[in-house]
Amino acid sequence: MSRNIVVLGAGMVGVSVAWHLIRRGHRVTLVDRREPGRETSFGNAGVIQREAVRPYGFPRDIGTLLRVLPNRQVDIRYRPTGMLNAAVPLFQYWLNSGGQRYQRIVREWASLIQRCQHAHGPMIEAAGAWDLVRKGGWLELYRTRKALEERVAEANEDRGRFGIEFDVLDAPRLRAREPWLAKDLIGAIHWTQPWMVSDPGALVQAYARNFVEQGGELMQASVEDVLEEGGRWRILTSEGELQADQVVVAMGPWSSRLLARVGIRVPLFVKRGYHMHYSTGEGAELNHWLMDAERGFMMEPMRAGIRLTTGAELADLDAPPKYGQLAAAEKAARALFPALGERLDPSPWKGARPCLPDMKPVIGPAPQKGLWLAFGHGHQGFTLGPATGELLAQMMDGETPAIDMAPFAVQRFL
């Protein structure tokens, strides 16, 4: 039976949820204060990461913690106030980053990741967006033999458990593929399955256009409140009031603030990140998406130029930007790729990844009837948006979802 549904949040997750619901014959309105794909979904590395079956845990060894403590690293930085305000969920995250807890989380997380391309493919096709997508994988770069061998051992384990595919490149093979990189690299892992997107925000916008073409409504407005009245929902926005049979909250890092208004408190915190685009020196070329595994940044040859994306900054969502992490990443990137040219953007981009203490998103019903949730994907909202939309739509229509969704229920925090 067709229902009137309002989806709050037009990032990759919200757009994907709306897309799947409109395909099922529901009347769907998608609401966001900005155009689709202009927040967290805009600034990522643009990789649909089929290989990412291990969520990012916190470092637990003393050596790494001591390295991070001075707060000058490229891969992770922190603000003391942000750490204090999120102390409890961050400690829980640390507890979940090792041992049997982490192994269970990996199994549950991988069940989502394994569906990512199966879910993106039909949406890319329907949106006519294959021109934004490049297959063939990306390179994870190493300078030390020990670090490379440890990562290869993990990859071999994941190959057997989760069907991951990869190739190990020695220094000569790596130089043949990327001749402009520094000569101190001893090798790389070529993850062969992922798809790379040359403009992540444009892909979200293509999905949103296809949603509208199918009869969906797009509303640009700030969400001020949601109210349950007589089994239905009122959504108060800066552009007027909406009414709905069901509401989906897919507002990324802002989800917890809205849910607190209806009595649902989730321990969401954010890992912020920055990016900048660069030109390249005459004749130089970057042929692959690259990650400097031992420095903690990525470089991607996108439509707007070479995008440099930083690691994580642990800070409050609304804290003003600090660009020291980006500057450190730029210095490291110029050492890795000396042909990196001038900055192309007027100012750096800043975004926030919505994270939860057990590294898994919330996908499924809220305790209140007619309220549904889809947020908290950490580093992988861009990868997992379509799979989330597919699974949540199955649940909303009373079907048995394609995988066990119990590990992603909000009740684990309530």
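Each value in this text was obtained by applying a stated rule to the coordinates, not by laboratory testing. Note that this is a predicted model, so its numbers are computed, not measured. Note: ideal-geometry Cβ built from the backbone for every residue, glycine included; neighbour counts use all protein chains shown.
If you average the alpha carbon positions of region 186-253 and of region 374-414, how far apart do those two centres end up, in angstrom? Measuring centre to centre over Cα atoms gives 14 Å. The label point for L227 and the one for R161, both projected 7 Å from the Cα toward the Cβ, are 4.9 nm apart. Just to be sure I understand: with springs between alpha-carbon atoms less than 10 Å apart, which residue in V88, V270, V31 has the highest mean-square fluctuation in the Gaussian network model of the chain? Result for the chain, Cα springs under 10 Å: V88 fluctuates most. Using the Cβ atoms and a cut-off under 14 Å, what net charge is assigned to the surroundings of I403, where Lys and Arg are +1 and Asp and Glu are -1? Net of charged neighbours comes to -1.
Given +1 at the Cβ of Lys and Arg, -1 at the Cβ of Asp and Glu and no other charges, the dipole of the chain around its Cα centre is 840 debye to the nearest 20.
Can you tell me the dipole magnitude for region 313-358 around its Cα centre, using point charges on the Cβ only (Lys, Arg +1; Asp, Glu -1), in Debye to the nearest 20? Spell out each step's value before the answer.
Values: 6 positive and 7 negative charges, 45 e Å.
It works out to roughly 220 debye.
Let me make sure I get this right: for the chain, a, b and c are the square roots of the gyration tensor eigenvalues over alpha carbons, sorted descending. Under 1.5 in a/c it's rounded, otherwise prolate if a/b > b/c, else oblate. Which is it? Prolate.
Can you sort F269, F211, F166 from fewest to most other Cβ atoms within 10 Å of each residue's own Cβ? Numbers along the way, then the final one.
On the way: F269 26, F211 29, F166 19.
The order, fewest Cβ neighbours first, is F166, F269, F211.
Region 87-150 and region 306-360 have Cα centres lying 19 Å from one another. Membrane-span-like helices in the chain (whole DSSP H runs, Cα extent of at least 15 Å along the helix axis, mean Kyte-Doolittle hydropathy of at least 0.0): 12-23, 200-213, 324-336, 381-396. Note on D318 and A147: their simple-model spin labels are 3.8 nm apart, each label 7 Å out from Cα toward Cβ. Ordering G25, N44, Y56 by Cα displacement along the dipole of region 24-66 toward the positive end leaves G25 in first place; charges were set at the Cβ atoms of Lys, Arg (+1) and Asp, Glu (-1). Among L203, L227, L268, the residue with the largest mean-square fluctuation in a Gaussian network model of the chain, with springs joining Cα atoms closer than 10 Å, is L227. Using the rule -39500 (n - 2.57) for each DSSP H run of four or more residues, divided by the residues of the chain, the 222 nm mean residue ellipticity is -10000 deg cm²/dmol.
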